[in-house]
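Asks: What follows is a single structure, and I will ask about it in a moment.
The values are calculated or read from the model by the stated rules, or taken from the named source; none is laboratory data. Since we're looking at a predicted model, the values are computed, not measured. Heads up, the Cβs are rebuilt from the backbone with ideal geometry, glycines too, and the neighbour counts pull from every protein chain shown. Heavy atoms of the whole protein, side chains included, go into the accessibility calculation; ligands, DNA and RNA do not. Shrake-Rupley method; radii C 1.70, N 1.55, O 1.52, S 1.80 Å.
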Amino acid sequence: MFELKVGICESCQLVQLINEVPPEMMFNSHYPFRTSSSQRMQQHFREMALKITAAESQADSAPFIVEFGCNDGTFLESFARLGFMHLGIDPASNLVSEAVARGVNARTGWFNTETAAEIVESAGPATVIYAANTFSHIPDLASVFRGVDLLLAEDGRFIFEDPYLGDIVTKCAFDQIYDEHIYYFSATSIDLVARKFGLKLIDVEHLGTHGGQLRYTVGRLHQTPSRSVVDVIENERQSGLHSVERLKAFAQTVEFRRVELPKVLRELATAGKTVAGYAATAKSATVLNYCGIDRNLLPVIYDTTPEKQGQLTPGTGIPIKAFPQRSEEFPDVYLLFAWNHEEEIITRESAFRAQGGTWLKFVPDITLS
Ligand code: JHZ
């Protein structure tokens, strides 16, 4: 049993889980999440690959792209097609096989100081090291930063994307807090931590993906940071993002959600409405367990992942099934756990709304629409 408790480090301002779940318990040959499960995310990674390709084509040195947490190869596939030198590394062997089947050069493993040393010795320095939704999942940040320092070319860039503490707090996206997400990064904390390893934040970009993320670019101390670094850090300071008062106020709003969401579900049941969960996301484990929502309040959750179908949600035992194919089987209300893919989902599910279906959302507020 692991307690899901969050704290902040007073010296580096890093918001983080207090208890760590050993990574091998989560990221192994049964890992079910696929980057390709969202069309919008596929497009996002193709666009990012194009951006990197354009920049790398202008550079003097031959490009070498290393991605850790390469998952099913969605991002690296573009580089494989172009014949760019690349390498993906991921502990989920099942997904590495899928990446290899896509033509990606990928291997099973963890990214750390040791593997970075091996890669630089066998293949030379990386011009870009990339990680999306991965760095915030690794407890040993020091080992990653030391690895980056060893592997990165002198003018190389370490680019990573992760949920932004600023969005989590302002949108009350408390479900981003779950076992896999050990860190909740901000520009301030990343710059402070990177500097301990002879690196620094040189660019930062706000993204709409996964409900609000930052794309951080870290480089060496001689590299010049862009204006956005100064602006975002100043904005975080002015808004008091890392202050204990601000974080306590966030915790209080989260407490309201804990009471309100099950209340809405009880009211819907009393009104005779059928409700089903939309997507058995990793995030939903926090919502269900924290708000005490079990199969009495939510009898089923639908999800596209074959490995999740036929299973029960952890701790709350709600059956996960494949989505209904016929409109007669639609529920009256869908509780949208994959709210971070709202646009993509609501567009695709237009038949549900056309039939009178209602979406129940809980981020940023609890709404029925
Ligand atoms: P989604 C995972 O979190 C885990 P999750 C991880 N820790 C992380 O950081 C993020 O991804 C990036 C289903 N689905 O993307 C498929 C549908 O059924 O919000 C998956 O089971 N229909 C690495 O799980 C799940 O949702 C759909 O239309 O919170 C993925 O949910 C879509 C788009 C998804 O991430």
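Asks: When the residues of the range 16-46 are narrowed to those that are more than 13 Å from the ligand (Cβ to nearest atom) and assigned to a loop (DSSP other than H, G, I, E, B), which ends up most open to solvent (accessible area, probe 1.4 Å)?
Replies: The residue in question is H30.
Asks: Which residues, counting only those in the range 187-233, are of a type in the set (A, V, I, L, M) and open to solvent by 50 Å² or more (accessible area, probe 1.4 Å)?
Replies: Residues of the range 187-233 that are of a type in the set (A, V, I, L, M), as a first pass: 187, 190, 192-194, 199, 201-202, 204, 207, 214, 218, 221, 229-230, 232-233.
L192, L221, V230 - these are the residues of the range 187-233 that are of a type in the set (A, V, I, L, M) and open to solvent by 50 Å² or more (accessible area, probe 1.4 Å).
Asks: Could you look through the range 123-144, keep only residues that are buried (at least 22 other Cβ atoms within 10 Å of the Cβ) and more than 19 Å from the chain's Cα centre (by Cα), and pick out the one that is farthest from the ligand (Cβ to nearest atom)?
Replies: Residue satisfying both the conditions and the ranking: T127.
Asks: Sort through V300, V287, V254, V264 and tell me the only one that's within 26 Å of the chain's Cα centre (by Cα), more than 16 Å from the ligand (Cβ to nearest atom), of a type outside the set (D, E, K, R) and not assigned by TED's automatic domain parsing to the domain that holds F33.
Replies: Values: V300 fails: more than 16 Å from the ligand (Cβ to nearest atom); V287 fails: more than 16 Å from the ligand (Cβ to nearest atom); V264 fails: within 26 Å of the chain's Cα centre (by Cα).
Result: V254 is the single residue among V300, V287, V254, V264 that is within 26 Å of the chain's Cα centre (by Cα), more than 16 Å from the ligand (Cβ to nearest atom), of a type outside the set (D, E, K, R) and not assigned by TED's automatic domain parsing to the domain that holds F33.
Asks: Can I ask one more? Among the residues of the range 221-238, are any under 30 Å from E154 (Cα atoms) and within 16 Å of the ligand (Cβ to nearest atom)?
Replies: No.
Asks: Just to verify a result, which residue in the range 180-214, among those that are charged (D, E, K, R) and out of contact with any Ser or Thr (no Cβ under 9 Å at 6 or more places or on another chain), is nearest to S143 (Cα to Cα)?
Replies: K196
Asks: So, in the range 270-298, of the ones that are farther than 29 Å from I182 by Cα and of a type in the set (V, I, T), which residue ends up surrounded by the most Cβ atoms within 10 Å (Cβ to Cβ)?
Replies: V275
Asks: With out of contact with any strand residue (DSSP E or B) (no Cβ under 6 Å at 6 or more places or on another chain) and either within 15 Å of the ligand (Cβ to nearest atom) or within 30 Å of L247 (Cβ to Cβ) (or both) as the only criterion, which of A92, A49, A54 stands out?
Replies: Unique residue meeting the criteria: A92.
Asks: If you don't mind, there's one more thing I want to ask. Could you run through the range 156-195 and say how many residues are assigned to a loop (DSSP other than H, G, I, E, B) and either under 24 Å from P22 (Cβ atoms) or modelled with pLDDT under 95 (or both)?
Replies: Summing the residues that are assigned to a loop (DSSP other than H, G, I, E, B) and either under 24 Å from P22 (Cβ atoms) or modelled with pLDDT under 95 (or both) in the range 156-195 gives 7.
Asks: Could you say which residue among G147, G198, G211, G156 is assigned by TED's automatic domain parsing to the domain that holds G124 and either of a type in the set (K, R) or more than 21 Å from F68 (Cα to Cα) (or both)?
Replies: Among G147, G198, G211, G156, only G211 is assigned by TED's automatic domain parsing to the domain that holds G124 and either of a type in the set (K, R) or more than 21 Å from F68 (Cα to Cα) (or both).
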